[in-house]
1. Return the pairs, sorted by first residue and then second, in which the second residue is among the polar types (S, T, N, Q) and not in a helix (DSSP H, G or I), the first residue lies in region 33-54 and is under 17 Å from Arg131 (Cβ atoms) and free of Cβ contacts under 8 Å to residues at least 60 places away in the same chain, the beta carbons are less than 7 Å apart, and the residues are 6+ apart or on different chains.
2. Among the numbered criteria (1) part of a strand (DSSP E or B); (2) over 13 Å from the mean Cα position of the chain (by Cα), which one does Thr171 miss?
3. Among the numbered conditions (1) at pLDDT below 95; (2) within 13 Å of the chain's Cα centre (by Cα), tell me where Asn100 comes up short.
4. Counting only residues that are surrounded by fewer than 20 Cβ atoms within 10 Å (Cβ to Cβ), of a type outside the set (Asp, Glu) and not in a loop (DSSP other than H, G, I, E, B), which one in region 179-197 is nearest to the chain's Cα centre (by Cα)?
5. Within region 56-72, identify whether any single residue is loosely packed, with under 11 Cβ neighbours inside 10 Å, in contact with a Phe, Trp or Tyr (Cβ under 8 Å, 6 or more places away or on another chain), at pLDDT 90 or above and not in a helix (DSSP H, G or I), and answer yes or no.
6. Restricting to region 163-181, name every residue that is in contact (Cβ under 8 Å) with a residue 24 or more places away in the chain and either under 13 Å from Thr114 (Cα atoms) or in contact with a Cys (Cβ under 7 Å, 6 or more places away or on another chain) (or both).
7. Taking Ile33, is it in contact with a helix residue (DSSP H, G or I) (Cβ under 9 Å, 6 or more places away or on another chain), outside any strand (DSSP E or B), surrounded by 13 or more Cβ atoms within 10 Å (Cβ to Cβ) and at pLDDT 95 or above?
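The values are calculated or read from the model by the stated rules, or taken from the named source; none is laboratory data. Because the structure is predicted, anything quoted here is derived from the model rather than measured. Cβ sites come from the backbone with ideal geometry, for glycine too, and all protein chains shown count toward neighbours.
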Amino acid sequence: MKPSILAAVLSLLLVPAHSFAEGAPEPPAPVAIYMSFDGAHSAQAIEAMKSEVASLTKRSPLNLRWIPLDSPRVGESFSDLMVVKFHGNCNMEGIQFLFNELGLEGDGGALGSTWKTDNQILPFSELHCDRIRRSIAPLAIGNTPTEREALLGRAMGRVLAHELFHVFANTDKHGREGVAKTKYTRRDLLADRFEFDAKDVRRMDRR
């Protein structure tokens, strides 16, 4: 398995679930995003992340449903799924604001990854929260603890939306600009305006 630059990839085969009532097609079943955390995480940051992903994908065909990986399974049908593992501390507690605005852009490692094997994109992605929070720390100085958690959620949402692009566009390629581009600066992670290029949004319906 081989990770791409800001993303890695994974895929589980699912039979699309479509419902029909009296001959009229209903909206497609939602896409399940199963989440797993191996470290501490802030509920506020996670809600901000979900809100950011929803905003970034609102022009796409994706109807996302967020589900803890260890939650009981229910009878709901999903058109597709993706598993996301969050590594490290997904909160801003204890973060050290050591770098000034012109300092290091994180530790140089991937902020997120999606996996592929034999040129097949897999619906399994990972987010590295410690790297994300260190990347945004210099720009979070001066904000309240509550505001810092919201900023972390925004940054996490943008990294996760990038991984969703790889999975649901079924590609290891990147866009030229916006959320699907190869690398982010810390300003990209927190800018007031940062979104997908329109053509990249249209590509997110290839699975």
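1. Ala40/Asn89; Ala40/Asn91
2. (1)
3. All conditions pass for Asn100, except number (2).
4. So, considering only residues that are surrounded by fewer than 20 Cβ atoms within 10 Å (Cβ to Cβ), of a type outside the set (Asp, Glu) and not in a loop (DSSP other than H, G, I, E, B), the one nearest to the chain's Cα centre (by Cα) is Leu190.
5. yes
6. If the condition is that a residue be in contact (Cβ under 8 Å) with a residue 24 or more places away in the chain and either under 13 Å from Thr114 (Cα atoms) or in contact with a Cys (Cβ under 7 Å, 6 or more places away or on another chain) (or both), then Glu163, Leu164, Phe165, His166, Val167, Phe168, Ala169, Asn170, Thr171, Asp172, His174 are the ones that fit.
7. Answer is no for this residue.
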